[in-house]
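The values are calculated or read from the model by the stated rules, or taken from the named source; none is laboratory data. Everything quoted here is computed from the prediction, not taken from an experiment. Virtual Cβ from ideal backbone geometry, glycine too; neighbours counted across all protein chains shown. Accessible surface areas use protein heavy atoms only, side chains included; no ligands, DNA or RNA. Shrake-Rupley method; radii C 1.70, N 1.55, O 1.52, S 1.80 Å.
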Amino acid sequence: MLQVSMTVAEYVLILAGLILVGNGIILYGRRTSDWTGVLKMFYNRIGMSAAEFKWYRLGVAALVLGVIVRIVNLTFWPA
């Protein structure tokens, strides 16, 4: 039962992380109309508003947590 719960949590966290990061990217793109700046977001500093930064960082945190849950899941229940 716990293994199934961990697997579901893993997929939910990764999906939520992708949605949150995507939301931050879309907010930035709509505000600036600079869709090429989205590529700079991953390797360079760009001027993000507080709301965009919040969504982006929440998404990254959810993705990292999803990866940690995946590692724990594979540690205790190897496939």
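Residue-level check: of (1) without any contact (Cβ under 8 Å) to a residue 12 or more places away in the chain; (2) assigned to a helix (DSSP H, G or I); (3) among the hydrophobic types (A, V, I, L, M, F, W, C), residue 13 misses just (1). When each of 65, 58, 18, 27 is tested for being open to solvent by less than 60 Å² (accessible area, probe 1.4 Å) and assigned to a helix (DSSP H, G or I), the lone residue that passes is 27. Among the criteria (1) more than 25 Å from residue 4 (Cα to Cα); (2) in contact with an Asp or Glu (Cβ under 8 Å, 6 or more places away or on another chain), the one residue 46 does not fulfil is (2).
Residues of the stretch 40-53 being exposed (fewer than 11 other Cβ atoms within 10 Å of the Cβ) and under 16 Å from residue 22 (Cβ atoms), which ones? Of everything in the stretch 40-53, just one residue is exposed (fewer than 11 other Cβ atoms within 10 Å of the Cβ) and under 16 Å from residue 22 (Cβ atoms), namely 42. All conditions but one from (1) in contact with a helix residue (DSSP H, G or I) (Cβ under 6 Å, 6 or more places away or on another chain); (2) assigned to a helix (DSSP H, G or I); (3) open to solvent by 50 Å² or more (accessible area, probe 1.4 Å) apply to residue 35; the one that does not is (2). Is at least one residue of the stretch 29-49 touching a Gly at 6+ places or on another chain (Cβ under 7 Å) and touching a residue at least 60 places away in the same chain (Cβ under 8 Å)? Checked against the condition, which is being touching a Gly at 6+ places or on another chain (Cβ under 7 Å) and touching a residue at least 60 places away in the same chain (Cβ under 8 Å), the stretch 29-49 yields no hits at all.
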